[in-house]
Amino acid sequence: MLLYILNFLLFFSLCCFVSQSQVQKHDPDCDYNITQLIQSKGYPCEEHKVITNDGYILGVFRIPHGRNSSSTGRPVLLQHGLLDAAVTWVMNFPDQSLAFILADVGYDVWLGNARGNYYSRAHVKYNPDRDIEFWDFSWDEMAKDDLPSMIYYILNVTKYEQIGYIGHSQGTMMAFAEFGNLNSIIQNNISFYGALAPVAHLAYIKSPLKYLFNIPKDPEYLWHLLFGYKEFLPSSNIIKWLAKYACGSVIWDPLVCENILLVICGPDKKNMNNTRMEVYVSHEPDGTSVKNMIHFAQMFLSKQFQAYDYGSPQKNQLHYNQTTPPIYSIRPMKIPTAIFWSHDDWLADPDDVAFIFENIQNLIYEKYILGYSHLDFAWAMTANKIIYEDLINQMQKYHPSK
(Lines give C-alpha, C1' and ligand atoms only; values in the text may rest on other atoms or scores of the structure.)
Protein backbone atom coordinates (compact mmCIF):
# COMPACT_ATOMS: atom_id res chain seq x y z
CA MET A 1 0.00 0.00 0.00
CA LEU A 2 2.79 2.41 0.91
CA LEU A 3 4.55 1.62 -2.37
CA TYR A 4 1.33 2.36 -4.23
CA ILE A 5 0.99 5.75 -2.52
CA LEU A 6 4.63 6.62 -3.21
CA ASN A 7 4.23 5.71 -6.87
CA PHE A 8 1.07 7.80 -7.07
CA LEU A 9 2.80 10.82 -5.50
CA LEU A 10 5.76 10.41 -7.85
CA PHE A 11 3.44 10.23 -10.84
CA PHE A 12 1.44 13.26 -9.62
CA SER A 13 4.64 15.29 -9.10
CA LEU A 14 5.88 14.35 -12.55
CA CYS A 15 2.60 15.44 -14.13
CA CYS A 16 2.73 18.76 -12.31
CA PHE A 17 6.32 19.30 -13.46
CA VAL A 18 5.46 18.52 -17.08
CA SER A 19 2.39 20.75 -16.89
CA GLN A 20 4.40 23.64 -15.44
CA SER A 21 7.11 23.16 -18.08
CA GLN A 22 4.52 23.30 -20.83
CA VAL A 23 3.02 26.47 -19.38
CA GLN A 24 6.45 28.07 -19.09
CA LYS A 25 7.30 27.17 -22.69
CA HIS A 26 4.14 28.82 -24.06
CA ASP A 27 5.08 32.13 -25.66
CA PRO A 28 2.79 34.97 -24.54
CA ASP A 29 3.25 36.59 -27.97
CA CYS A 30 0.85 33.92 -29.25
CA ASP A 31 -2.00 35.47 -27.30
CA TYR A 32 -1.32 39.15 -28.03
CA ASN A 33 -3.07 41.19 -30.69
CA ILE A 34 -0.86 43.40 -32.85
CA THR A 35 -1.07 46.40 -30.50
CA GLN A 36 -0.08 44.31 -27.49
CA LEU A 37 2.66 42.61 -29.49
CA ILE A 38 4.19 45.97 -30.47
CA GLN A 39 3.88 47.48 -27.02
CA SER A 40 5.34 44.39 -25.34
CA LYS A 41 8.59 45.07 -27.21
CA GLY A 42 8.80 48.62 -25.86
CA TYR A 43 7.40 50.51 -28.88
CA PRO A 44 4.49 52.97 -29.03
CA CYS A 45 1.49 51.90 -31.10
CA GLU A 46 -1.55 53.73 -32.45
CA GLU A 47 -4.58 52.15 -34.08
CA HIS A 48 -6.26 54.05 -36.91
CA LYS A 49 -9.44 53.31 -38.86
CA VAL A 50 -9.35 54.14 -42.56
CA ILE A 51 -12.65 54.11 -44.46
CA THR A 52 -12.46 53.43 -48.20
CA ASN A 53 -14.71 55.01 -50.81
CA ASP A 54 -16.77 51.81 -50.95
CA GLY A 55 -17.20 51.60 -47.18
CA TYR A 56 -14.60 49.11 -45.95
CA ILE A 57 -13.06 49.95 -42.58
CA LEU A 58 -9.35 49.17 -42.61
CA GLY A 59 -7.35 48.73 -39.44
CA VAL A 60 -4.05 50.56 -39.85
CA PHE A 61 -1.42 50.58 -37.12
CA ARG A 62 1.30 53.15 -36.50
CA ILE A 63 4.66 52.97 -34.74
CA PRO A 64 5.48 56.71 -34.71
CA HIS A 65 9.04 56.33 -33.42
CA GLY A 66 11.56 53.87 -32.04
CA ARG A 67 12.28 52.80 -28.47
CA ASN A 68 15.06 55.29 -27.88
CA SER A 69 13.54 58.37 -29.49
CA SER A 70 10.43 60.50 -29.23
CA SER A 71 10.79 62.33 -32.54
CA THR A 72 8.74 61.25 -35.55
CA GLY A 73 10.40 60.99 -38.96
CA ARG A 74 9.10 60.55 -42.48
CA PRO A 75 6.29 58.03 -42.98
CA VAL A 76 6.66 54.62 -44.59
CA LEU A 77 3.80 52.20 -45.27
CA LEU A 78 4.34 48.42 -45.04
CA GLN A 79 1.78 46.26 -46.86
CA HIS A 80 1.44 42.52 -46.26
CA GLY A 81 0.91 39.64 -48.67
CA LEU A 82 -1.81 37.11 -49.47
CA LEU A 83 -3.68 35.66 -46.43
CA ASP A 84 -1.45 37.78 -44.23
CA ALA A 85 -1.82 40.89 -42.05
CA ALA A 86 0.21 43.74 -40.59
CA VAL A 87 1.27 41.50 -37.72
CA THR A 88 3.67 39.79 -40.14
CA TRP A 89 6.09 42.73 -39.77
CA VAL A 90 6.38 42.50 -35.96
CA MET A 91 6.35 38.79 -35.11
CA ASN A 92 10.10 38.44 -34.74
CA PHE A 93 12.27 40.15 -32.14
CA PRO A 94 12.99 43.90 -32.49
CA ASP A 95 16.36 43.44 -34.19
CA GLN A 96 14.79 41.03 -36.72
CA SER A 97 11.38 42.58 -37.53
CA LEU A 98 11.30 45.16 -40.32
CA ALA A 99 8.74 47.44 -38.67
CA PHE A 100 10.79 47.70 -35.48
CA ILE A 101 14.04 48.20 -37.37
CA LEU A 102 12.54 51.02 -39.44
CA ALA A 103 11.17 52.72 -36.33
CA ASP A 104 14.57 52.52 -34.63
CA VAL A 105 16.34 54.20 -37.56
CA GLY A 106 13.89 57.10 -37.40
CA TYR A 107 10.93 56.30 -39.67
CA ASP A 108 7.27 56.84 -38.84
CA VAL A 109 6.07 53.30 -39.56
CA TRP A 110 2.52 52.57 -40.74
CA LEU A 111 1.26 48.99 -41.07
CA GLY A 112 -1.56 48.47 -43.55
CA ASN A 113 -4.25 45.78 -43.61
CA ALA A 114 -6.16 44.88 -46.76
CA ARG A 115 -9.92 44.48 -46.66
CA GLY A 116 -11.21 41.17 -45.35
CA ASN A 117 -8.29 40.20 -43.14
CA TYR A 118 -8.45 39.88 -39.36
CA TYR A 119 -7.83 43.59 -38.71
CA SER A 120 -9.97 44.91 -41.58
CA ARG A 121 -13.06 42.77 -41.20
CA ALA A 122 -15.57 45.62 -41.02
CA HIS A 123 -17.77 47.76 -43.25
CA VAL A 124 -20.06 50.75 -42.78
CA LYS A 125 -23.00 48.76 -44.19
CA TYR A 126 -22.24 45.03 -44.44
CA ASN A 127 -21.66 42.39 -41.78
CA PRO A 128 -18.84 39.99 -42.80
CA ASP A 129 -20.45 37.13 -40.88
CA ARG A 130 -23.82 37.57 -42.52
CA ASP A 131 -23.59 39.46 -45.82
CA ILE A 132 -22.15 37.94 -48.98
CA GLU A 133 -21.77 41.47 -50.34
CA PHE A 134 -18.93 42.13 -47.91
CA TRP A 135 -16.81 39.45 -49.60
CA ASP A 136 -17.39 40.65 -53.15
CA PHE A 137 -13.83 41.82 -53.73
CA SER A 138 -10.43 40.73 -54.99
CA TRP A 139 -7.03 42.42 -55.00
CA ASP A 140 -8.42 44.74 -57.72
CA GLU A 141 -10.27 46.64 -55.02
CA MET A 142 -7.30 46.44 -52.67
CA ALA A 143 -5.21 48.18 -55.33
CA LYS A 144 -7.64 50.85 -56.49
CA ASP A 145 -9.41 51.56 -53.16
CA ASP A 146 -7.51 50.26 -50.11
CA LEU A 147 -4.04 51.39 -51.15
CA PRO A 148 -4.90 55.01 -52.08
CA SER A 149 -7.17 55.31 -49.02
CA MET A 150 -4.36 54.30 -46.67
CA ILE A 151 -1.78 56.48 -48.42
CA TYR A 152 -3.93 59.62 -48.44
CA TYR A 153 -4.91 59.05 -44.82
CA ILE A 154 -1.24 58.82 -43.80
CA LEU A 155 -0.37 61.96 -45.77
CA ASN A 156 -3.25 63.83 -44.13
CA VAL A 157 -2.20 62.81 -40.62
CA THR A 158 1.54 63.36 -41.05
CA LYS A 159 1.30 66.46 -43.31
CA TYR A 160 4.00 65.09 -45.61
CA GLU A 161 3.58 65.09 -49.38
CA GLN A 162 5.25 61.73 -49.98
CA ILE A 163 5.72 58.41 -48.20
CA GLY A 164 7.93 55.39 -48.65
CA TYR A 165 6.23 52.11 -49.52
CA ILE A 166 7.35 48.53 -48.89
CA GLY A 167 5.23 45.62 -50.05
CA HIS A 168 5.48 41.86 -49.76
CA SER A 169 3.83 39.46 -52.20
CA GLN A 170 0.23 40.65 -52.76
CA GLY A 171 1.34 43.99 -51.32
CA THR A 172 3.61 44.37 -54.37
CA MET A 173 0.83 43.28 -56.73
CA MET A 174 -1.43 46.01 -55.39
CA ALA A 175 1.37 48.54 -55.84
CA PHE A 176 2.35 47.53 -59.37
CA ALA A 177 -1.30 47.73 -60.45
CA GLU A 178 -2.06 51.12 -58.90
CA PHE A 179 1.31 52.83 -59.27
CA GLY A 180 1.33 51.95 -62.97
CA ASN A 181 -2.21 53.23 -63.52
CA LEU A 182 -2.11 56.18 -65.92
CA ASN A 183 -5.40 57.48 -64.48
CA SER A 184 -4.03 57.61 -60.94
CA ILE A 185 -1.82 60.33 -59.49
CA ILE A 186 -0.91 58.25 -56.46
CA GLN A 187 2.62 57.52 -57.63
CA ASN A 188 3.37 61.22 -57.21
CA ASN A 189 3.00 60.63 -53.48
CA ILE A 190 5.50 57.73 -53.32
CA SER A 191 9.19 58.59 -53.20
CA PHE A 192 10.50 55.02 -52.83
CA TYR A 193 9.10 51.54 -53.42
CA GLY A 194 10.64 48.40 -51.92
CA ALA A 195 9.30 45.16 -53.42
CA LEU A 196 9.90 41.97 -51.42
CA ALA A 197 9.09 38.69 -53.21
CA PRO A 198 7.31 40.66 -55.97
CA VAL A 199 4.29 39.23 -57.75
CA ALA A 200 2.60 40.26 -60.99
CA HIS A 201 2.59 37.10 -63.13
CA LEU A 202 1.64 33.72 -61.60
CA ALA A 203 2.15 31.35 -64.52
CA TYR A 204 5.04 29.40 -63.03
CA ILE A 205 4.24 29.15 -59.33
CA LYS A 206 5.52 26.08 -57.49
CA SER A 207 2.99 26.36 -54.66
CA PRO A 208 0.52 23.46 -54.33
CA LEU A 209 -2.14 26.08 -55.03
CA LYS A 210 -1.45 25.37 -58.70
CA TYR A 211 -3.41 22.13 -58.31
CA LEU A 212 -6.48 24.18 -57.39
CA PHE A 213 -5.69 26.90 -59.93
CA ASN A 214 -5.22 24.62 -62.93
CA ILE A 215 -8.90 24.17 -63.80
CA PRO A 216 -9.19 25.57 -67.33
CA LYS A 217 -12.94 25.11 -67.86
CA ASP A 218 -14.53 26.85 -64.89
CA PRO A 219 -12.27 27.59 -61.89
CA GLU A 220 -14.85 29.94 -60.39
CA TYR A 221 -17.47 27.17 -60.17
CA LEU A 222 -15.11 24.75 -58.40
CA TRP A 223 -13.83 27.34 -55.94
CA HIS A 224 -17.37 28.36 -54.99
CA LEU A 225 -18.34 24.68 -54.71
CA LEU A 226 -15.42 23.97 -52.35
CA PHE A 227 -15.31 27.20 -50.35
CA GLY A 228 -18.58 29.06 -50.85
CA TYR A 229 -18.91 32.77 -51.63
CA LYS A 230 -17.52 34.47 -48.54
CA GLU A 231 -14.27 34.09 -46.63
CA PHE A 232 -11.51 31.75 -47.74
CA LEU A 233 -11.33 29.32 -44.82
CA PRO A 234 -10.39 25.92 -46.26
CA SER A 235 -11.43 22.74 -44.50
CA SER A 236 -8.88 20.53 -42.75
CA ASN A 237 -9.26 17.99 -45.56
CA ILE A 238 -8.25 20.57 -48.16
CA ILE A 239 -5.25 21.58 -46.06
CA LYS A 240 -4.20 17.93 -45.77
CA TRP A 241 -4.60 17.50 -49.53
CA LEU A 242 -2.43 20.52 -50.29
CA ALA A 243 0.06 19.57 -47.59
CA LYS A 244 0.59 16.23 -49.27
CA TYR A 245 2.26 18.08 -52.16
CA ALA A 246 4.04 20.62 -49.97
CA CYS A 247 5.21 18.90 -46.82
CA GLY A 248 5.47 15.32 -47.92
CA SER A 249 8.46 15.86 -50.16
CA VAL A 250 10.17 18.70 -48.28
CA ILE A 251 9.62 18.59 -44.55
CA TRP A 252 7.11 17.11 -42.16
CA ASP A 253 6.16 19.20 -39.19
CA PRO A 254 2.52 19.06 -38.03
CA LEU A 255 2.71 22.62 -36.67
CA VAL A 256 3.77 23.87 -40.08
CA CYS A 257 1.75 21.61 -42.33
CA GLU A 258 -1.57 22.26 -40.60
CA ASN A 259 -1.24 25.98 -41.37
CA ILE A 260 -2.64 26.91 -44.78
CA LEU A 261 -0.37 29.95 -45.23
CA LEU A 262 2.80 27.91 -44.69
CA VAL A 263 1.50 25.13 -46.94
CA ILE A 264 0.77 27.60 -49.76
CA CYS A 265 3.95 29.64 -49.44
CA GLY A 266 6.36 26.79 -48.72
CA PRO A 267 6.95 24.78 -45.53
CA ASP A 268 10.74 25.01 -45.62
CA LYS A 269 11.57 26.71 -42.32
CA LYS A 270 15.37 26.47 -42.28
CA ASN A 271 15.70 30.27 -42.22
CA MET A 272 13.10 30.79 -39.50
CA ASN A 273 13.46 30.80 -35.74
CA ASN A 274 12.00 27.48 -34.59
CA THR A 275 11.28 28.93 -31.16
CA ARG A 276 8.95 31.47 -32.84
CA MET A 277 7.05 28.95 -34.99
CA GLU A 278 4.25 28.78 -32.41
CA VAL A 279 3.91 32.56 -32.67
CA TYR A 280 3.75 32.48 -36.48
CA VAL A 281 1.03 29.86 -36.67
CA SER A 282 -1.01 31.48 -33.88
CA HIS A 283 -1.29 34.74 -35.85
CA GLU A 284 -1.57 33.37 -39.39
CA PRO A 285 -3.40 33.02 -41.73
CA ASP A 286 -5.53 36.16 -41.48
CA GLY A 287 -8.10 35.63 -44.20
CA THR A 288 -9.27 36.95 -47.54
CA SER A 289 -12.23 36.43 -49.85
CA VAL A 290 -12.89 33.40 -52.01
CA LYS A 291 -13.20 35.84 -54.91
CA ASN A 292 -9.64 37.01 -54.31
CA MET A 293 -8.38 33.42 -54.52
CA ILE A 294 -10.34 32.95 -57.76
CA HIS A 295 -8.61 36.05 -59.14
CA PHE A 296 -5.23 34.45 -58.43
CA ALA A 297 -6.43 31.28 -60.20
CA GLN A 298 -7.48 33.33 -63.24
CA MET A 299 -4.03 34.93 -63.42
CA PHE A 300 -2.38 31.50 -63.29
CA LEU A 301 -4.50 30.35 -66.24
CA SER A 302 -4.38 33.54 -68.33
CA LYS A 303 -0.66 34.21 -67.73
CA GLN A 304 -1.61 37.89 -67.63
CA PHE A 305 -1.37 40.69 -65.08
CA GLN A 306 -5.05 41.49 -65.42
CA ALA A 307 -8.20 42.52 -63.57
CA TYR A 308 -10.83 40.08 -62.39
CA ASP A 309 -12.60 38.22 -65.21
CA TYR A 310 -16.36 38.15 -64.64
CA GLY A 311 -16.74 35.18 -66.96
CA SER A 312 -18.47 36.54 -70.03
CA PRO A 313 -18.09 39.44 -72.48
CA GLN A 314 -21.43 40.82 -71.31
CA LYS A 315 -20.49 40.88 -67.61
CA ASN A 316 -17.05 42.30 -68.32
CA GLN A 317 -18.68 45.01 -70.45
CA LEU A 318 -20.85 45.98 -67.48
CA HIS A 319 -17.87 46.22 -65.12
CA TYR A 320 -15.14 47.57 -67.41
CA ASN A 321 -16.88 48.98 -70.47
CA GLN A 322 -14.98 46.39 -72.51
CA THR A 323 -15.53 42.69 -73.13
CA THR A 324 -12.26 41.48 -71.59
CA PRO A 325 -10.64 42.30 -68.24
CA PRO A 326 -8.19 45.25 -68.43
CA ILE A 327 -4.49 44.39 -68.47
CA TYR A 328 -2.38 46.10 -65.82
CA SER A 329 0.84 47.72 -66.97
CA ILE A 330 3.97 48.26 -64.90
CA ARG A 331 5.78 50.37 -67.51
CA PRO A 332 4.16 53.74 -66.65
CA MET A 333 5.44 53.49 -63.06
CA LYS A 334 8.26 55.99 -62.44
CA ILE A 335 8.83 55.43 -58.71
CA PRO A 336 12.41 54.50 -57.71
CA THR A 337 12.08 50.77 -57.01
CA ALA A 338 14.25 48.21 -55.24
CA ILE A 339 13.46 44.52 -55.76
CA PHE A 340 14.45 41.57 -53.57
CA TRP A 341 13.74 38.07 -54.89
CA SER A 342 14.76 34.43 -54.69
CA HIS A 343 14.99 31.42 -56.98
CA ASP A 344 13.44 29.26 -54.25
CA ASP A 345 10.26 31.30 -53.86
CA TRP A 346 7.13 29.20 -54.50
CA LEU A 347 4.84 32.16 -55.25
CA ALA A 348 7.24 34.65 -56.86
CA ASP A 349 8.93 32.27 -59.26
CA PRO A 350 11.98 33.62 -61.17
CA ASP A 351 10.22 33.16 -64.52
CA ASP A 352 7.34 35.29 -63.28
CA VAL A 353 9.64 37.86 -61.65
CA ALA A 354 11.36 38.17 -65.05
CA PHE A 355 8.18 39.83 -66.36
CA ILE A 356 8.64 42.57 -63.78
CA PHE A 357 12.29 43.12 -64.67
CA GLU A 358 11.37 43.33 -68.37
CA ASN A 359 8.79 46.06 -67.77
CA ILE A 360 9.98 48.17 -64.87
CA GLN A 361 11.33 51.60 -65.86
CA ASN A 362 13.01 52.92 -62.74
CA LEU A 363 14.74 49.97 -61.10
CA ILE A 364 17.37 51.44 -58.79
CA TYR A 365 18.43 48.23 -57.06
CA GLU A 366 17.82 44.49 -57.18
CA LYS A 367 19.11 41.69 -55.00
CA TYR A 368 18.84 37.97 -55.49
CA ILE A 369 18.74 35.98 -52.25
CA LEU A 370 19.80 32.35 -52.35
CA GLY A 371 17.64 29.82 -50.52
CA TYR A 372 14.82 32.11 -49.39
CA SER A 373 11.19 30.97 -49.43
CA HIS A 374 8.23 33.31 -49.86
CA LEU A 375 7.69 33.99 -46.15
CA ASP A 376 11.38 34.34 -45.38
CA PHE A 377 11.28 37.90 -46.72
CA ALA A 378 9.23 38.84 -43.63
CA TRP A 379 10.06 36.10 -41.11
CA ALA A 380 13.62 34.85 -41.67
CA MET A 381 16.09 35.37 -38.82
CA THR A 382 18.71 36.56 -41.32
CA ALA A 383 16.47 38.97 -43.25
CA ASN A 384 17.71 41.86 -41.12
CA LYS A 385 21.23 41.44 -42.55
CA ILE A 386 20.49 39.93 -45.96
CA ILE A 387 17.59 42.19 -46.98
CA TYR A 388 16.70 44.98 -44.57
CA GLU A 389 20.13 46.66 -44.36
CA ASP A 390 20.26 47.07 -48.15
CA LEU A 391 16.58 47.99 -48.32
CA ILE A 392 16.99 50.78 -45.77
CA ASN A 393 20.21 52.03 -47.36
CA GLN A 394 18.40 52.42 -50.67
CA MET A 395 15.34 54.04 -49.12
CA GLN A 396 17.49 56.57 -47.25
CA LYS A 397 18.72 57.88 -50.63
CA TYR A 398 15.23 58.63 -51.96
CA HIS A 399 13.16 58.86 -48.79
CA PRO A 400 15.40 59.72 -45.80
CA SER A 401 14.04 59.02 -42.35
CA LYS A 402 14.61 62.63 -41.23
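The values are calculated or read from the model by the stated rules, or taken from the named source; none is laboratory data. These figures come from a predicted structure and were not determined experimentally. Every residue, glycine as well, gets a Cβ built from its backbone with ideal geometry; the counts of neighbours run over all protein chains shown. With ligands, DNA and RNA removed, areas are computed over all heavy atoms of the protein, side chains included. Shrake-Rupley method; radii C 1.70, N 1.55, O 1.52, S 1.80 Å.
Would you mind checking K49/K240; K125/K206; K217/K334; K206/K240; K159/K367 for any pair whose Cα atoms are more than 27 angstrom apart?
Cα-Cα > 27 Å for K49/K240; K125/K206; K217/K334; K159/K367; rest within.
Between helix 147-158 and the chain there is an angle of about 80 degrees, using the helix long axis and the longest principal axis of the Cα atoms. Report, in whole Å, the centroid distance computed from the Cα atoms of region 71-85 and region 255-298. Here the two parts' Cα centres lie 19 Å apart. Surface calculation, 1.4 Å probe, protein heavy atoms: V105 sits at approximately 60 Å² accessible.
Heavy-atom accessible area for E258, with the other protein chains in place and a 1.4 Å probe, reaches approximately 140 Å². Both radii were evaluated on the Cα set of the chain; the Rg over Rh quotient, with Rh as the Kirkwood radius, amounts to 1.00. Classify region 333-389 from the C-alpha gyration tensor, please: rounded if a/c falls under 1.5, else prolate or oblate depending on whether a/b exceeds b/c. It is oblate, given that a/c is not under 1.5 and a/b is not larger than b/c. Residue-normalised convex hull volume from the C-alpha trace of region 30-100: 112 Å³ per residue.
Over the chain, with every protein chain in place, what whole percent of the accessible area is carbon and sulfur at 1.4 Å, could you tell me? The nonpolar share, carbon plus sulfur, comes to 55 percent. Largest first, the three principal axis extents of the alpha carbons in region 138-230 are 48, 26, 22 Å in whole numbers. Think of it as helices only: each DSSP H run of n ≥ 4 in the chain is worth -39500 (n - 2.57), and spread over all residues that comes to -10500 deg cm²/dmol at 222 nm. Report the relative contact order of region 15-157, percent, no decimals, based on alpha-carbon pairs under 8 angstrom and at least 6 residues apart. Normalised by residue count, the contact order of region 15-157 is 24 percent.
Against the longest alpha carbon principal axis of the chain, how many degrees, from 0 to 90 and to the nearest 10, is the axis of helix 389-398 turned? In the chain, helix 389-398 runs at an angle near 30 degrees to the longest axis. Checked against a 19 Å cut-off, the cross-linked pairs K144/K291; K210/K291; K41/K402; K144/K210 give Cα-Cα distances beyond that limit for K41/K402; K144/K210. Put E278, E133 in order of accessible area, highest first, and with a 1.4 Å probe you get E133, E278. Taking 0.36 nm per residue of separation and subtracting the Cα-Cα distance, what length does fully extending Q39 through N188 add? In short, 50.3 nm is gained. Ranked from largest, the principal axis spans of the Cα set of region 96-199 equal 44, 34, 30 Å.
Where a ≥ b ≥ c are the square roots of the eigenvalues of the C-alpha gyration tensor, would you call region 184-249 rounded, which needs a/c under 1.5, or, failing that, prolate if a/b is larger than b/c, or oblate? Prolate shape, in that a/c is at least 1.5 and a/b is the bigger ratio. Between helix 2-25 and the chain there is an angle of about 20 degrees, using the helix long axis and the longest principal axis of the Cα atoms. According to the Kirkwood relation over distinct C-alpha pairs, the hydrodynamic radius of region 292-402 is 16.4 Å.
Packing order of peptides 396-402, 142-148, 162-168, highest average first: 162-168, 142-148, 396-402 (average count of other Cβ atoms within 10 Å over each peptide's residues).
Counting only DSSP beta bridges whose two residues both lie in the chain, roughly 35 percent are antiparallel. Assuming a ≥ b ≥ c are the square roots of the Cα gyration tensor eigenvalues, decide whether region 198-356 counts as rounded (a/c under 1.5), prolate (otherwise, with a/b larger than b/c) or oblate. Taking the square roots of the gyration eigenvalues as a ≥ b ≥ c, region 198-356 is oblate.
The loop-placed trypsin sites (Lys or Arg not before Pro) in region 196-243, going by DSSP, that have at most 14 neighbouring Cβ atoms within 10 Å of their Cβ come out as K217.
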